[in-house]
Each structure stands twice: as structure tokens, then as C-alpha cells.
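Dropping a structure here in C-alpha cells format, bear with me for questions.
The values are calculated or read from the model by the stated rules, or taken from the named source; none is laboratory data. The structure displayed is predicted, hence computed values, not measured ones. Using ideal geometry, Cβ is built from the backbone for each residue, glycine included, and neighbour counts are taken over all protein chains shown. The accessibility values were calculated without ligands, DNA or RNA, using every heavy atom of the protein model including side chains. Shrake-Rupley method; radii C 1.70, N 1.55, O 1.52, S 1.80 Å.
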Amino acid sequence: MAGGGGENEINLIPYMDIMLNLVMFMLVITTQDFQMSEILTPATKQVGGGGGAGGGEAKPKMNIVLKRDMIVVDVTNPEPGVARLPPFASGERDWSAVAKIVGDYKDKYKIEDVQMPVSSDVEYREVIQGLDALRPHYPSIALASAT
């Protein structure tokens, strides 16, 4: 066994293979993260508002506030020059009337941002009934807690 010292050497080929794959993986992830920040930065600047004098930049927003004793549909910035519509309030749990108002507002003012703030004293059953009634108009309505 002349020159048998080769059995105790570390095989560097698998180690180098793994390191090369890790370097490529890190480069791809870093590049994608940089590209996503480039894509998202202009959108967040537009949403934040540039402080311009024109009131037409703000998008219309609808809150369907669900309280223990009433439902209130509140629309802000429905169209340029109009800051808020008078809120529609329903004392009874008539979700069909609320769904009709919400559908009319959606068609008339092209509202896409809708939230449903829910008071803590409202039963879960009522929240589900409201979501079911509003689902045809806004399939991705966002729940929020009422203050």
C-alpha cells in the first residue's frame, strides 16, 4: 500500500456542489426581493397620497358597521368633490335592504374597498348572515373590529 494516504482525505466535491447551489439560491432570492420592492414602492407612494390639492386621488371606501342594535353603511370619498355620503342606517336586521343599498353604491360609485367593522357585542350568527348577504356584491369583504 504505497501512497495509501488518500483514504483519509476529505472529499471536497460534494461540499463545493452544495456551496455553489446555496450561492445561486441566495442570488435568486435577493434579486427577486429587490424586484418586488421596486414594484411595490410606487404603489405605496400612490396610496399614501402626494398631498396634492385635488380631491379626486382618494378612492371611495365603504364601511358596513355592524352594531348590536343597528347596521350603518358609511361611504367616504364616493366621487371627486364629495367627502361623504349620508350614512344609511337600518334599525332592524334587514340584510336584504342593506345588500340592495350596498349593490347600488357599488354600481354607482365603483367602490372596491369595503370593510365590515363588527362590535364585540354582536352575535357570530349575525356576522355570518351579513357576510352571506353581501357576498354577491363583495366576495372578499374584510372584517374589522368596531371602535
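Using θ = phi - 60° and the Karplus relation 6.51 cos²θ - 1.76 cosθ + 1.60, list the HN-Hα couplings for the range 130-143 in order, rounded to whole Hz, with x at every Gly or Pro.
Karplus values, whole Hz, x for Gly and Pro: x, 5, 5, 5, 8, 4, x, 8, 9, x, 10, 5, 9, 8.
How would you order 91-97, 119-125 from highest to lowest mean count of nearby Cβ atoms within 10 Å?
On the way: 91-97: 12.1, 119-125: 10.1.
Final packing ranking: 91-97, 119-125.
Same structure, new question: Just need the relative contact order of the range 94-147 here, percent rounded to a whole number, with Cα pairs under 8 Å and 6+ apart.
Relative contact order of the range 94-147: 49 percent.
Something else now. By its C-alpha gyration tensor, with a ≥ b ≥ c as the square roots of the eigenvalues, how is the range 56-147 shaped: rounded for a/c under 1.5, else prolate for a/b larger than b/c, else oblate?
Prolate shape, in that a/c is at least 1.5 and a/b is the bigger ratio.
Could you calculate the contour length gain from Thr76 to Ala144, that is, 0.36 nm times the residue separation minus the distance between their Cα atoms, to one decimal place in nm?
22.8 nm
Quick check: pseudo-label points 7 Å beyond the Cα along Cα→Cβ at Lys108 and Ile13, how many nm apart are they?
7.6
Still on this structure: Hey, if we sort Leu22, Leu85, Leu134 by accessible area with the 1.4 Å probe, largest down, what's the order?
Values: Leu22 85, Leu85 25, Leu134 0 Å².
Descending accessible area places them as Leu22, Leu85, Leu134.
With a 1.4 Å probe and all protein chains kept in place, how do Tyr15, Tyr109 rank by accessible area, largest first?
Descending accessible area places them as Tyr15, Tyr109.
Can you give me the C-alpha center-to-center distance between the range 9-28 and the range 69-85, rounded to a whole angstrom?
59
Grab the Cα-Cα distance for Gln129 and Met24, subtract it from 0.36 nm times how many residues apart they are, and report the gain in nm with one decimal.
Separation in residues times 0.36 nm, less the Cα-Cα distance, equals 32.7 nm.
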